[in-house]
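The values are calculated or read from the model by the stated rules, or taken from the named source; none is laboratory data. The shown structure was predicted, so the numbers you read here are calculated from the model rather than taken from an experiment. Cβ coordinates were reconstructed from backbone atoms using ideal geometry, including for glycine residues, and neighbour counts include every protein chain displayed.
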Amino acid sequence: MLLSEVRARPGYSLLVGVGLMASAIVVGVHLENAVTGYLMDLSVFRDAGWAFLHHTPLYTEGFHTNSGFRFIYPPFAAFLFAPLPLLNATLMQVLWTAGLIGLVWWVLKVSLDRMDVRRANVVATAALGVALWLEPIRSNFLFGQINIILMALVVADVLGVIPQRFRGVGIALAAAIKVTPAAFGVLFLLRRDMPSAVRAFGAFLAVAGFAYWLRPESSVYFWTTEAWATDRAGDQDFFRNQALSGLLARLGLEGHAYTAAWLAGVALVVGAALWAAHRFTRAGEHVVALGVIALATLLAAPIAVTHHWAYSVLLVAVALAPRYRSWWPVLLPATLVFLVGPNYLLEDTSTHGWVESAIQQTLGNAQCVTGLAVLVAAVVAARSRRPDVVPAPVGARTAQLQNAPART
């Protein structure tokens, strides 16, 4: 069947071939960096695993660090990182990188499958190179970050990979590792899937309780102090922070003006995203609903540095779905912005004129502005969705979806 399709569609086979070559090259680049580079954040995770194994402090000045950086994740994450110190550093980096590559491919494959893209395995493999070269994904590999793993847990939960009787557990585990994925539980509420929402909350409490049993003092400190320190990941004006908070801080807003503008912006972003996600959910477009909530979570966060934006992978997936080709005028430029990742232009703002400064700020904040533009476009598109339609089961291919016209 595949051979006959290739013969009938030589242009398709050429695109797939080029994509496969690009994917192989980018995979090689990331693996080479794992062998020769230093994954700084992964080193912090390794330090946390060592501290957990040796019963030393996780958050105070007594934290054993080889990287020079603090550990800012919940104690349950340190428990999961406990095997890392047992591995050779290079082997650890290679295994971590290989695992992340596999998860990016898997997220693409599942997302494409849920949007009824034919031969999702082949398309995901051919598109893997583009997805792996998105700046947020590159940053995850450069630093050895965990956001791709968290995204995979969320995707498994909300796109129906996890069986219904266990649904909610994926989000609970992700939230127990890094708190912020808890926001995706709202998708269960939008679906009126109260059992999964309750299951997610209960599983989170169970995991947090398990971590408390293992490290009671660290758990109390984290959930009463560390978790509420909104600046623990850096200052708002840090050039990699592409949340709304970063944009406002770099525009020079301070004090009450900054707080008022940020709160108003967050309210608008969250309100618009919830409205759009509800309509997409009721229309059975669960991948798009996931992307909208991801955008809101990132834009409204106190800080969201670029490696947090792993959900930009969904731009690639949605752009490849035939039913969303009419969205290309938004999706393709947005994907290009995230491929370039021009935030680095803000690292040094010592320019010598207002024109240079304006250009630098415009380009350097492009990822945040693009996120806002995509959200606005999603809200506009959501207006054509009928909120009274009973949503298709998550993970199911229904005749209604397969025969639906292209979305606009």
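Scan the helices (runs of 4 or more DSSP H) fully inside segment 160-226 and keep the ones with 1 or more residues being hydroxyl-bearing (Ser, Thr, Tyr). Before you say what the answer is, go through the steps one by one.
Details: elements: 169-178, 186-190, 194-214, 216-224.
Those helices (runs of 4 or more DSSP H) span 194-214, 216-224.
When residues in segment 106-137 are screened for being over 20 Å from the mean Cα position of the chain (by Cα) and in a loop (DSSP other than H, G, I, E, B), 4 of them pass.
One line per residue, one yes/no per condition, for (1) at pLDDT below 95; (2) surrounded by 17 or more Cβ atoms within 10 Å (Cβ to Cβ); (3) not charged (D, E, K, R):
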residue	(1), (2), (3)
Leu190	no, yes, yes
Ala200	no, yes, yes
Leu205	no, no, yes
Glu217	yes, no, no
Phe222	yes, yes, yes
Asp231	yes, no, no
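Each residue in segment 236-283 was checked for being assigned to a loop (DSSP other than H, G, I, E, B), in contact (Cβ under 8 Å) with a residue 60 or more places away in the chain and of a type in the set (D, E, K, R), and 1 of them qualify.
Scanning segment 15-38 for residues that are over 22 Å from the mean Cα position of the chain (by Cα) and within 24 Å of Leu91 (Cβ to Cβ) gives Ala24, Ile25, Gly28, Glu32, Val35, Thr36, Gly37, Tyr38.
Residue check: Phe166 meets all listed conditions (1) out of contact with any Asp or Glu (no Cβ under 8 Å at 6 or more places or on another chain); (2) over 25 Å from Ile25 (Cβ atoms); (3) hydrophobic (A, V, I, L, M, F, W, C); (4) surrounded by 21 or more Cβ atoms within 10 Å (Cβ to Cβ) but one, namely (4).
Name the pairs whose Cβ atoms lie under 9 Å apart, with the first residue in segment 62-90 and free of Cβ contacts under 8 Å to residues at least 12 places away in the same chain, the second among the basic types (Lys, Arg), and 6 or more positions between them or separate chains? Cβ pairs passing all conditions: Leu87/Arg46. Those residues that are assigned to a loop (DSSP other than H, G, I, E, B), under 13 Å from Leu42 (Cα atoms) and of a type outside the set (A, V, I, L, M, F, W, C), I need them from segment 66-105; list them, please. Selection gives Asn66, Ser67, Gly68, Arg70, Tyr73, Pro83, Asn88.
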